[in-house]
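Read the structure below first, then the notes.
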Amino acid sequence: MRIATWNVNSIVARLPRVLAWLESAKPDVVCLQELKCTTDAFPPEVAGLGYEVAAYGLGRWNGVAILSRAGLEDVRRGLIDEPAYENETEPRAIGATCGGVRVWSVYVPNGREPGHSHYEYKLRWLEALHTTVTAESTADRPFAVLGDFNIAPADDDVWDISLFTESTHVTEPERKALEALRGAGLRDIVPRALKYDRPYTYWDYRQLAFPNNHGMRIDLVYGNGDFAAAVGDAYVDREARKGKSPSDHAPVVVDLTP
DNA sequence: ATGCCGTACCAAGTACGA
């Protein structure tokens, strides 16, 4: 089974690229983030390729989905005790069981800057993710949280750590939240890079970040023991970051052996 | 060439991203 996660930065704007990628990479299950459309506005062309779709979006920002051609059951929208931001609970998490594998597609809040109310929201949101993982990964089945975590797990996961001294994504509390997920039994499934030495998944649109490989590894796959044991390969498909109108994120692809 | 920011809102300029 091939499972992927991809922050597409608008499913509507990215639709031609997404359809072409689905046809070439042939994933069985795909976790999407940053739909930037409502649940009802999710493009029907994706189902036309043979995928069942569970989408969760409210419009302009955020939005997550799971696509599957391996079954799509027990869909759950939102986390247990999920916090709101400015009195709105945002569509940032959706879970489903696909061919016996429980997957969550998550879009962790950005945080904006340390000390900002959005940063506090990010940390509270990660606590709710931990609560949900603790409740759901106890079952004896492969389980994984995939998505845009907006956290670089280690200094090597950004191109130049010296530029991040005042930034989110690399702070100790954010990394402690990842540590807590590992403490709940999940492992960081680190993909291989198809070029250069680091498996970055995001490159800013500006300042030639992609050609210069000024990237970050912030799109993560956290799987339980059963999931990790089944991983045969994992890679970042940087080819999807090239060319006309790409997302600023590349897909992370994980191949599970039967 | 992988190439100098893109998207949704909605019709001009702003919020947001990481």
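FYI, it's all coordinate maths here, none of it is from the lab. Everything numeric in this text was worked out from a predicted model, so none of it was measured. Here the Cβ positions follow ideal geometry from the backbone for every residue, glycine too, while neighbour counts run over all protein chains shown.
Average projection, convex hull of the Cα set of segment A:96-174: 6.0 square nanometres. The Cα center of segment A:100-121 and the Cα center of segment A:233-255 differ in position by 21 Å. Using the Cβ-Cβ distance between A:Glu120 and A:Thr257 with R0 set to 51 Å, the FRET efficiency from 1/(1 + (r/R0)^6) comes to roughly 0.80.
Run lengths n ≥ 4 of DSSP H only: what is the helix-derived mean residue ellipticity at 222 nm for chain A, with -39500 (n - 2.57) per run over all residues, to the nearest 500?
Result for chain A, helices only: -6000 deg cm²/dmol.
The distance between label points at A:Lys242 and A:Glu127 comes to 4.6 nm (points 7 Å beyond Cα on the Cα→Cβ vector).
Answer rounded, prolate or oblate for chain A, using the Cα gyration tensor with square roots of eigenvalues a ≥ b ≥ c: rounded when a/c is under 1.5, else prolate when a/b is larger than b/c, else oblate. Rounded, since a/c falls under 1.5.
Judged by the gyration tensor of its Cα atoms, with axes a ≥ b ≥ c, segment A:108-258 is oblate; a/c meets the 1.5 cut and b/c is at least as large as a/b.
So for each of A:153-160, A:102-109 I average, over its residues, the number of other beta carbons within 10 Å; can you give me the resulting order with the highest mean first?
A:102-109, A:153-160
Please state the relative contact order of chain A as a whole percent: Cα pairs under 8 Å, 6+ residues apart?
Result for chain A is 19 percent.
With a length cut of 24 Å (Cα positions projected on each helix's long axis) and a Kyte-Doolittle mean of at least -1.0, go through chain A and give me the DSSP H helices that pass. Mind dumping the intermediate values first?
Numbers: long enough: A:117-136 (28 Å, -0.62).
Membrane-span-like by this rule: A:117-136.
Given R0 = 41 Å, the distance between the Cβ atoms of A:Ala139 and A:Ala25 translates into a calculated FRET efficiency of 0.90. Counting lysine pairs in chain A that sit 8 or more residues apart in sequence, or on different chains, and whose Cα atoms lie under 26 Å apart gives 10.
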